[in-house]
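Undergrad: One structure is given below, represented as C-alpha cells, and several questions about it will come after.
The values are calculated or read from the model by the stated rules, or taken from the named source; none is laboratory data. Fair warning: this is a prediction, and the values are worked out from it, not measured in the lab. A quick note on method: Cβ atoms are made from the backbone with ideal geometry, for glycine too, and the neighbour counts reach across all protein chains shown.
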Amino acid sequence: MRINFVRPRELHQVKIEQHRLGGFHTTRTLVSIRRNVREWSWRVALSVVIGAGVVTAIVSWSLASTTPAILHVLTTEPSYSDIVRQVGGANVMVRTVDVSGALTGTPVPRATLLSDLAWANVVIRNGLGLDGDLANLEVANPSTQRTEVVVSTLVGPTPPYTPLWYSPEAMISLTSRVGALLESDIPGRASTIQRSTLKVSASLGSINEALVIFRRRYPHAIISSVTPAATTLVSLSDVSNDAPVGIDASPSASAWSAEDAIIASSQPRALIFDPTQPPSINGPLLQRAASAQVPVVAFYPSLPSGYHYQTWIQAELAALVRAITTGLSTPSL
C-alpha cells in the first residue's frame with residue numbers, strides 16, 4: 001500500500017485552489033491536511049535522527065575494527081618475550097633488554113633503559129637479583145601507565161634456582177598473568193586471548209609431563225654440569241649432578257683438575273656445557289669428555305635462535321635422554 005503525504009508546498013497549492021473555487025472547503029479537509037503535514041514533518045525529523053545514529057555507529061565500529069589496541073611489553077629475557085608473543089599475537093609489541101649483559105656481554109646503557117621504560121605499558125622481570133638495574137630505574141621513574149610483572153613473585157616460595165625461565169611451572173604462571181593483563185587492556189579481543197592462553201598453558205604442561213616421565217625412567221642417572229644455566233634443568237629432572245665445577249672465563253688449574261677427575265671416573269653419563277662459552281673454555285672441556293667417552297649436551301643460557309620456548313626445552317630434554325640412553329652427544333642445537 002502506497003501512502004502519499006501532503007508536503008507544505010502542496011498545502012499552499014491546495015489553499016490557492018480553494019481560493020479559486022470561492023473558498024469552498026470543509027473542516028474535515030483542513031484537519032486532514034494539517035495532520036498529514038505534521039506526520040510528514042515528524043517522519044522527516046525521525047529519519048534524520050536515525051540516520052545520524054547509524055552513521056555514528058558505523059564510524060565507531062569502523063574505527064574500533066581498524067585501530068585495535070597494541071600493548072607495549074618490555075622483558076629482560078627472550079624466553080619471556082616468546083611467551084608474550086605466543087599469548088598476545090598481533091595485540092602486542094615486545095622488546096627484550098639484556099640488563100645484566102649476560103646475553104651479549106655488554107649491559108644496556110641507562111639512557112636506552114629509560115627510553116624503553118617510557119615506551120612500555122608492561123615490564124616483565126625475572127627478579128631474584130638478575131635485573132636489579134631495571135628495577136631501580138622503575139622505582140626512580142614511576143608511571144601509572146605501566147604495569148610491572150616480577151616472575152619470582154608468581155611462583156610462591158623462592159625456588160632453588162635463579163633463572164626462572166627454565167621452569168615450566170614459572171612459565172605457566174607467567175602465561176596466565178600475561179593473558180589476564182591482555183584481556184583487561186584489550187577487552188575486545190578477550191575470547192581470542194583466552195584461547196591462546198589455554199593453548200600455551202597446555203603446551204607448557206606437556207613439558208612438566210615429560211619431566212615426570214624422565215624422573216621415573218632415570219632415577220639414578222648421574223651427570224656433570226659445568227654451566228650454571230643447567231642447574232634448573234638438572235634440579236627439575238632430578239638427576240644427580242656429580243660435583244659441578246665452576247668453569248668460568250679463567251678456570252684455575254685446580255678447577256680443571258677436579259673436572260678431569262670427574263670425567264675420567266666414567267661416572268657421569270653426560271656432561272652438560274654452555275655452548276656460548278669461548279673456545280678457550282669449551283675446546284679443552286670437550287676434548288676431555290671425548291677422551292673419556294662421556295657424551296656432551298649443549299645447554300643454552302637463554303632461548304636460542306629458531307626456537308620457541310617449548311621446543312627449546314623439549315630439545316634440551318631429548319638431548320639429555322639421548323646421552324643417557326645411547327651415549328650420543330649433542331654439541332649444539
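Undergrad: State which residue pairs qualify: first residue surrounded by fewer than 21 Cβ atoms within 10 Å (Cβ to Cβ) and inside region 257-270, second residue assigned to a loop (DSSP other than H, G, I, E, B) and charged (D, E, K, R) in any location, beta carbons under 7 Å apart, and separation of 6 or more residues or different chains.
TA: Note: pairs meeting the criteria are Gln267/Asp242.
Undergrad: How about region 300-333: which of its residues are surrounded by 14 or more Cβ atoms within 10 Å (Cβ to Cβ) and closer than 14 Å to Pro268 by Cβ?
TA: Hits for region 300-333 are Leu320, Ala323, Ile324, Ser329.
Undergrad: Go through region 161-213 residue by residue and tally those that are over 15 Å from the mean Cα position of the chain (by Cα), within 15 Å of His308 (Cα to Cα) and either modelled with pLDDT under 90 or crowded, with 18+ Cβ neighbours inside 10 Å (or both).
TA: The qualifying residues number 3.
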